[in-house]
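Below you'll find the structure, written out as structure tokens, and then a few comments.
The values are calculated or read from the model by the stated rules, or taken from the named source; none is laboratory data. The model shown is predicted, which means the values in this text are computed figures rather than measured ones. FYI the Cβ positions are ideal-geometry reconstructions off the backbone, even for glycines, and counts take in every protein chain you see.
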Ligand code: 4AD
Ligand code: MG
């Protein structure tokens, strides 16, 4: 009996009267007798019963909230309420003391703001234990989904020389001494002297490299960190976030939408099955939070119901143009329903508009397609100009309740002349993307892909309200402490 067993496995097995060894962290210690022990495998604590009369008082004193201990003894049926089994401890050892006076995580409810300031310790709370187990399952399910379908997991570079989205939101990478960079004859920074011999940046998207892979392997996906130096002082943006970017040869926009919808449903279902206990915990947490809100602001569905609803219903598919019409009709006489006016065809939707469509109008996930070309990236396939003279591209954004945009994607422009023309119009340097343009020269074919923001998915599945709470180490302006 020297093999440690995880608490989840122990609680799930129906066995009693067996000898077990457990290790974990003390959540609470009541009456010098009952330890609530947690090892992160589940939110359920194991009750460890201490034979306090035969235990050294000095040892008892060291059993404090946060301390790491090991306990061995007999697993017995529990007479107490709240648990089926408990451990009658024979031997307890304190592996790591924890000073209760200075330990920030107390056995009480802490605010999310407080836990964000103590992000190095917040893993030790039930809420964050549940969130990061769900995050883990979602990551696993994403790989499983693509692997089952024969996609190749392609590792695209973190350091690149391109700004795939052309939005100018890159973080520079250099090994220069910034206080004293080498200068050229004109007194300008001489990037030829830099590590890579040219300016480089952290990737904003692996899509362009992903397309190169798809042009030979047919179906690929990336799943890695991406970086954007944009204003991420919102509850939906991070400066470092993880993105899943599948890219498929011979797919059109409809195939792309079908795949994205299937992926989202698959991974949500996986988490609901695999993490039932954690999602139930998060559902209850959210219900408590909702009780603080006025009745009319409370959500009509619980978290579990919301997730199930998403599985049971087709996503609504409509064009950007149809969406603009709905938004305009919903504000008759220009009555001010939105903070930002729906300015009309050609402008990007604000998140309040997206959320109106999803949460109030359709009340389900929505896929918007065929956006004006001026508000989308250069690589999207151009549609024929429509009867009203509108120029659109084969874009698709998936909008989710409570989240807004969760997926952005498109069919790609595979026609070299159209692509080059668009790059010229948008001032995208063709010479720097010569390798990308080569795919359009050598065996180009229709293809499509999309990017799923992983943290936005985790937000949706956990019901949390702030993206900083669903990534272990959030990066946002003025925050990179740990
Ligand atoms: O819409 P985006 O910018 O699309 C692309 O990057 C494409 N290259 C994807 C592709 O077609 N392969 O980003 C895709 C998704 C968004 O829908 C959103 O979910 C997420 O990435 N995202 C962010 N998530 C957190 N913080 C940010 N700052 C994000 N920016 C985008
Ligand atoms: Mg987008």
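Brief remarks on what is shown
- Filtered residue count, the stretch 385-405, keeping only those that are within 16 Å of ligand 1 (Cβ to nearest atom) and within 18 Å of residue 252 (Cα to Cα): 6
- In the condition set (1) assigned by TED's automatic domain parsing to the domain that holds residue 223; (2) modelled with pLDDT of 95 or more; (3) surrounded by fewer than 23 Cβ atoms within 10 Å (Cβ to Cβ), residue 475 is compliant with all but (1).
- Note on the stretch 289-325: residues that are in a helix (DSSP H, G or I) and surrounded by fewer than 16 Cβ atoms within 10 Å (Cβ to Cβ) total 13.
- Filter pass, residue 66 being in contact with a strand residue (DSSP E or B) (Cβ under 9 Å, 6 or more places away or on another chain), surrounded by 15 or more Cβ atoms within 10 Å (Cβ to Cβ) and on the phi > 0 side of the Ramachandran plot: yes
- Hits in the stretch 62-79 (condition: out of contact with any helix residue (DSSP H, G or I) (no Cβ under 8 Å at 6 or more places or on another chain) and in contact (Cβ under 8 Å) with a residue 40 or more places away in the chain): 65, 67, 68, 69, 70, 71, 72, 73, 74, 76, 77
- Of 180, 254, all but one fail to be free of Cβ contacts under 8 Å to residues at least 12 places away in the same chain, farther than 19 Å from residue 439 by Cα, out of contact with any strand residue (DSSP E or B) (no Cβ under 7 Å at 6 or more places or on another chain) and assigned to a helix (DSSP H, G or I); the exception is 254.
- Within the stretch 364-384, restricting attention to residues that are under 22 Å from the mean Cα position of the chain (by Cα) and over 17 Å from residue 344 (Cα atoms), the residue that is farthest from ligand 1 (Cβ to nearest atom) is 364.
- In the stretch 391-420, residue farthest from residue 370 (Cα to Cα) [restricted to those that are within 16 Å of ligand 2 (Cβ to nearest atom) and out of contact with any strand residue (DSSP E or B) (no Cβ under 6 Å at 6 or more places or on another chain)]: 403
- The set of residues in the stretch 406-418 that are over 21 Å from residue 222 (Cβ atoms) and either in contact (Cβ under 8 Å) with a residue 12 or more places away in the chain or within 16 Å of ligand 1 (Cβ to nearest atom) (or both) comprises 415, 416, 418.
Residue-wise test of (1) in contact with a helix residue (DSSP H, G or I) (Cβ under 7 Å, 6 or more places away or on another chain); (2) more than 30 Å from residue 463 (Cβ to Cβ); (3) buried (at least 17 other Cβ atoms within 10 Å of the Cβ).
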position: 328; (1), (2), (3): no, yes, no
position: 351; (1), (2), (3): no, no, no
position: 363; (1), (2), (3): no, no, no
position: 373; (1), (2), (3): no, yes, yes
position: 383; (1), (2), (3): no, yes, yes
position: 403; (1), (2), (3): yes, no, yes
position: 419; (1), (2), (3): yes, yes, yes
position: 432; (1), (2), (3): no, yes, no
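- Within this structure, residue 203 passes the test of being crowded, with 21+ Cβ neighbours inside 10 Å and within 16 Å of ligand 2 (Cβ to nearest atom).
- Residues located in the stretch 30-61, provided they are touching a residue at least 60 places away in the same chain (Cβ under 8 Å) and out of contact with any strand residue (DSSP E or B) (no Cβ under 9 Å at 6 or more places or on another chain): 42, 43
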